[in-house]
Amino acid sequence: MAETAPRPAILISRVLPEESLRLARSRADVDLHSGDRPLPREELVARLRGRPGLVCLITDTIDEPLLAACPDLRVVSNVAVGFNNIDVAAATRRGVVVTNTPDVLTETTADFTWTLLMATARRLIEADRYVREGKFTQWELMVLLGGDVHGKTLGVLGFGRIGRAVARRALGFNMRVLYHDASPAVGAVEQELRASAADLETLLRESDFVTVHTPLLPETHHLINARTLTLMKKTAYLINASRGPVVEEAALAQALKEGWIAGAGLDVYEHEPKVHPELLGLPNVVLAPHIASASHDTRIQMANLAVENCLAVLEGRTPPTPVNPEVLTRR
Ligand code: DGY
C-alpha cells in the first residue's frame, strides 16, 4: 500500500476566512491563533517550534531574531502584497521561503484609492457629518465646495500593478496621467493608459492629485516630506493607500494646516495603528483604517492564496507567488 506523506504542521497567526481555514485544515495540521491581537513574540516563537509553516499578517514582525529562534521554519506566507513586516534578506540567508499575495488585490485596492480620492476632493466625510448634524436646512450655492476630478492631472507615484490599475480608472475621468517609477513602463502600457513618465519634481508640480503606490523601501521612506509637499500645487490632493512611512506625517499635518496643499486621503499611517494627533483634528484629511483591499471577495482570495503558498512549499511544490524564489532553486 502506498504510504501517505505526513501532513505538514502550520501556524496561522490570526483568524482567516472560513473557506481558507478549511483549505488549510484539509492538508495540514493547523495551529490557529484565534485571538484578536497579534501573538506576542515569545508565544509566536513557542508555537513555531516544530512547525515549518507560518501564515501571518502584516501585523506580525518576522525579523532576523525571530527567524533565528525558529529553526524549523521553512515558509513565511504573508496575507498581503506588501511584505515590509518581514526581513526577506534574513529569510533568504536562512533558506526560508517568503510569499505574498499580489494580483488578487490589485483591482480592489485601485477601487479604494479612487474612493479615497473622490471622498477627499468632494469632501464626502464633511458632507455626511453636515447632514447628520442637522445643518442641511436648505440648498446652498457656496457650501462644501470641493475640487473637480474630471479633466485634471493625476500623478501616480509607483507604477506597478496597483498604480497602473489606478491610472486605468483615470481614463474614465478624462484625466492626464503622469507617473514616476524607477523602471519606466513600456510604450504600449503608456499608450494604453495614456500615461507619461515624469521626474518626481515635475509630477509633484503638475499634478492635481498625487497618489502613492510605491512599496516601502529605504529609498521611498519619507518620499513625501516637507520639501516635496511644498512642490505640490496649493489646490492639489495627496492620496496614500500604500505604506504609511512613505509619507512624513508631521510634515503632512503642517501642509494641511497651513494650506500648502488642499487635502489628503490616507489609508495607511507612519506609525500604524497610531495616527498623528494633528491629523485627527483636521477637516481636510479623510482617514481610513488600512482597508484598501478589504472587500469580502478579495480578502478571501488573499487568504486562500496565502494558504496555498504555504502548503505548496511544504508539499514540495513551487508556491504560486514567492517573494524570494532564489531560495527554491537552492533546495
Ligand atoms: C497589502 O496587501 O500589503 C495591504 O496593505 C493589506 O491588504
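Could you please give the count of residues in region 86-106 that are in a helix (DSSP H, G or I) and within 13 Å of the ligand (Cβ to nearest atom)?
Residues flagged as in a helix (DSSP H, G or I) and within 13 Å of the ligand (Cβ to nearest atom) within region 86-106 amount to 1.
What is the residue count in region 203-225 for residues that are touching an Asp or Glu at 6+ places or on another chain (Cβ under 7 Å) and outside any loop (DSSP other than H, G, I, E, B)? Please lay out each step first, then the result.
Initially, region 203-225 is screened for residues touching an Asp or Glu at 6+ places or on another chain (Cβ under 7 Å), giving 222, 224-225.
Filter once more, so that each one left must be outside any loop (DSSP other than H, G, I, E, B): 224.
Of the residues in region 203-225, 1 are touching an Asp or Glu at 6+ places or on another chain (Cβ under 7 Å) and outside any loop (DSSP other than H, G, I, E, B).
Just name the residue that is farthest from the ligand (Cβ to nearest atom) out of those in region 107-119 that are out of contact with any strand residue (DSSP E or B) (no Cβ under 7 Å at 6 or more places or on another chain) and not hydrophobic (A, V, I, L, M, F, W, C).
Selected residue: Thr115.
Kindly provide the set of residues from region 1-16 that are surrounded by fewer than 17 Cβ atoms within 10 Å (Cβ to Cβ) and not small (Gly, Ala, Ser), ordered by number.
Residues satisfying the conditions are Met1, Glu3, Thr4, Pro6, Arg7, Val15.
May I ask you to say which residue of Val327, Val307, Val286 is in a helix (DSSP H, G or I), touching a Ser or Thr at 6+ places or on another chain (Cβ under 7 Å) and farther than 24 Å from Pro17 by Cα?
Result of the check over Val327, Val307, Val286: Val327.
Among the residues of region 247-267, are any small (Gly, Ala, Ser), in contact with a His (Cβ under 9 Å, 6 or more places away or on another chain) and more than 23 Å from Met118 (Cβ to Cβ)?
Checked against the condition, which is being small (Gly, Ala, Ser), in contact with a His (Cβ under 9 Å, 6 or more places away or on another chain) and more than 23 Å from Met118 (Cβ to Cβ), region 247-267 yields at least one hit.
Hey, among Glu201, Glu133, which residue is free of Cβ contacts under 8 Å to residues at least 12 places away in the same chain, assigned by TED's automatic domain parsing to the domain that holds Ile239 and acidic (Asp, Glu)?
On the way: Glu201 fails: free of Cβ contacts under 8 Å to residues at least 12 places away in the same chain.
After ruling out the rest, the residue left standing is Glu133.
Looking at (1) within 14 Å of the ligand (Cβ to nearest atom); (2) surrounded by fewer than 21 Cβ atoms within 10 Å (Cβ to Cβ); (3) assigned to a loop (DSSP other than H, G, I, E, B), which one does Phe83 not meet, given that it meets all the others?
Result: Phe83 passes all but (2).
The values are calculated or read from the model by the stated rules, or taken from the named source; none is laboratory data. Quick caveat, the model's predicted, so the values are computed rather than measured. Don't worry about glycine lacking a Cβ; one is built from the backbone with ideal geometry, like all the others, and counts go over all protein chains shown.
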